[in-house]
Amino acid sequence: MLSGKNIILGITGGIAAYKAANLTRLLIKAEANVKIIMTPIAKEFITPLTLATLSKNPILVDFYNPENGDWNSHVDLGLWADAFIIAPATANTMGKMANAIADNLLITTYLSARCPVFIAPTMDLDMYKHQANEKNMEALQSFGNMLIEPESGELASGLVGKGRMAEPETIVSFVNDFFANKADFAGKKILITAGPTHEKIDAVRFVGNNSSGKMGFAIAEELASRGALVTLITGPVSLASKHNGITRINVTTAKEMHDECQKYFQEHDVAIMAAAVADYTPKNPLDTKLKKKTDNLVVELEPTKDIAAELGKLKKENQKLIGFALETDNEQVNAKGKLEKKNFDFIVLNSLNDTGAGFQHDTNKITIFTRKGEEIPFELNAKTVVAKKIADQLAKELEQ
Ligand code: CTP
């Protein structure tokens, strides 16, 4: 998809600039024409010589060459580009982009460019979360720029959190998909469950789990961007659903999630059960606050309904049902058992024994088991990339 495309890679002054070498190499390997603009400070992090060699073009930094007055026209560059990728994008550069502070070649080119712009932020976790930075990122997205979210992990500061630039492979795959402009789910109606459920114990306490909803939301975004009309039934999470193609229904308990799924399943072509539904709920929840006593406390729990298994029974010939299994032991046997028992068309296994997989992480490592007996393992990757793999498998199932 990137073959023959003219791509400007903008590199700013963050430690992740070292990854720009690999990013350039991947773009060249994909047969793109690459021109690189660096901010002056970016040269402190990675040498122009390395990037000029990899991109096969001289590096652009200044408005003009002081030796001979040769003008680096930001207007011409902006018109040349089919895509502008800014990776890494620092808080400083994003702030300037959001406010048209045109004090270097990268910003003037950004303001002149008519092509799609992809921004891969990098910074320390507290900078990333700062309201000023969030406001700038929102502004940039509202101008139509695409944000390639950073990943969580160890940062250059030694702190651990969100702010690590997406891996070069993730960035290339994101841009590639944009140009592929896949609309392979156009017109398909897809129901997705996501997040945890909270089961009330008393007025202030609940039984819950650590699900963040990130995997379900990533699948919803991916499918909506490929043309699907998504109904996202989600338990309590602190995530926003961004795409217009997503209708979001918020629920709290397993019973509420069950009732919404029952209500909507029939009118959908596919249901993807990514929620971590509580298997048990307190039998006699209290409306007041339970008072502390000295003796042991026993809270009687009763089973919830298995939403997926019930949809598995209702499923018609022309519908697909996809499940998840989060396991700690006997992973394959358990996943295959659930595939059969709940009448899934395929099941996505994530094992808590794999580092970076499962609850809360921005990454996941999955294996897909199909009804035909296939076992398809995937590498650890960002949940956004994993969502693409799951969508690709679903597209195959729908073709059959
Ligand atoms: N599921 C569901 N409703 C429930 C429990 C699970 O829809 N009450 C769905 C999950 O969304 C997932 C699949 O069933 O797609 C498997 O969930 P999991 O918790 O791994 O399995 P359980 O059947 O709950 O079995 P166990 O907890 O014993 O592993």
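The values are calculated or read from the model by the stated rules, or taken from the named source; none is laboratory data. What you see is a predicted model, and the numbers here were worked out from it, not measured in a lab. Cβ: placed from backbone, ideal geometry, glycine included. Neighbour counts: every protein chain shown. With ligands, DNA and RNA removed, areas are computed over all heavy atoms of the protein, side chains included. Shrake-Rupley method; radii C 1.70, N 1.55, O 1.52, S 1.80 Å.
Do we have A224 as of a type outside the set (S, T, N, Q), assigned by TED's automatic domain parsing to the domain that holds F359 and within 12 Å of the ligand (Cβ to nearest atom) here? Judged against the criteria, A224 is not a match.
Going through E199, E221 one at a time, which residue ends up being open to solvent by 20 Å² or more (accessible area, probe 1.4 Å) and in contact (Cβ under 8 Å) with a residue 24 or more places away in the chain? From the options E199, E221, the qualifying one is E221. Are any residues in region 235-257 under 18 Å from K214 (Cβ atoms) and in a loop (DSSP other than H, G, I, E, B), and if so, which ones? Answer for region 235-257, where residues must be under 18 Å from K214 (Cβ atoms) and in a loop (DSSP other than H, G, I, E, B): G235, P236, V237, S238, L239, A240, S241, K242, H243, V251.
Checking K214, K242, K263 one by one, the residue that is closer than 14 Å to G195 by Cα and open to solvent by 10 Å² or more (accessible area, probe 1.4 Å) is K214 and no other. Considering L297, L311, L286, which residue is touching a Leu at 6+ places or on another chain (Cβ under 8 Å) and assigned to a loop (DSSP other than H, G, I, E, B)? Checking each option against the conditions leaves just L297. Scan region 265-281 for residues that are within 14 Å of the ligand (Cβ to nearest atom) and farther than 15 Å from G216 by Cβ and the total you get is 5.
If only residues of region 360-398 that are modelled with pLDDT under 90 and open to solvent by 70 Å² or more (accessible area, probe 1.4 Å) are counted, the one that is farthest from V237 (Cα to Cα) is E379.
If the condition is being part of a strand (DSSP E or B) and surrounded by fewer than 24 Cβ atoms within 10 Å (Cβ to Cβ), then region 10-35 contributes N33, V34, K35. Among the criteria (1) within 12 Å of the ligand (Cβ to nearest atom); (2) open to solvent by less than 90 Å² (accessible area, probe 1.4 Å); (3) of a type in the set (V, I, T), the one V299 does not fulfil is (1). Of the set (1) surrounded by fewer than 23 Cβ atoms within 10 Å (Cβ to Cβ); (2) in contact with an Asp or Glu (Cβ under 7 Å, 6 or more places away or on another chain); (3) modelled with pLDDT of 95 or more, all apply to I7 but (1). Criterion first (out of contact with any Gly (no Cβ under 6 Å at 6 or more places or on another chain) and either within 12 Å of the ligand (Cβ to nearest atom) or aliphatic (A, V, I, L, M) (or both)) does N284 satisfy it? In short, no. Pairing residues of region 360-383 that are at positive phi with residues that are surrounded by 16 or more Cβ atoms within 10 Å (Cβ to Cβ), at Cβ distances under 7 Å and at least 6 apart in sequence or on separate chains, gives Q360/S212. One residue stands out among those in region 54-76 that are surrounded by 13 or more Cβ atoms within 10 Å (Cβ to Cβ) and of a type in the set (S, T, Y): the one that is nearest to A21 (Cα to Cα), which is S55.
Restricting attention to helices (runs of 4 or more DSSP H) lying wholly within region 104-223, give those where 1 or more residues are farther than 28 Å from I15 by Cα.
On the way: elements: 105-112, 125-129, 131-142, 168-180.
Ranges flagged: 168-180.
Scanning region 172-196 for residues that are open to solvent by less than 10 Å² (accessible area, probe 1.4 Å) and at pLDDT 95 or above yields a count of 7.
Do the conditions hold for T355, that is, is it β-branched (V, I, T), more than 16 Å from the ligand (Cβ to nearest atom) and in contact (Cβ under 8 Å) with a residue 60 or more places away in the chain? Walk me through it before giving the result.
Numbers: β-branched (V, I, T): yes; more than 16 Å from the ligand (Cβ to nearest atom): yes; in contact (Cβ under 8 Å) with a residue 60 or more places away in the chain: no.
Against the criterion (β-branched (V, I, T), more than 16 Å from the ligand (Cβ to nearest atom) and in contact (Cβ under 8 Å) with a residue 60 or more places away in the chain), T355 does not qualify.
Of everything in region 314-326 that is within 25 Å of the chain's Cα centre (by Cα) and either more than 7 Å from the ligand (Cβ to nearest atom) or open to solvent by 80 Å² or more (accessible area, probe 1.4 Å) (or both), the residue that is farthest from T193 (Cα to Cα) is K320.
Do you know which residues across region 246-259 are open to solvent by 40 Å² or more (accessible area, probe 1.4 Å) and either within 19 Å of S225 (Cα to Cα) or of a type in the set (D, E, K, R) (or both)? Even if it seems obvious, please write down each step before you answer.
Filtering region 246-259 down to residues open to solvent by 40 Å² or more (accessible area, probe 1.4 Å) leaves 247-248, 250, 252, 255-256, 259.
Result: T247, R248, K255, E256, D259.
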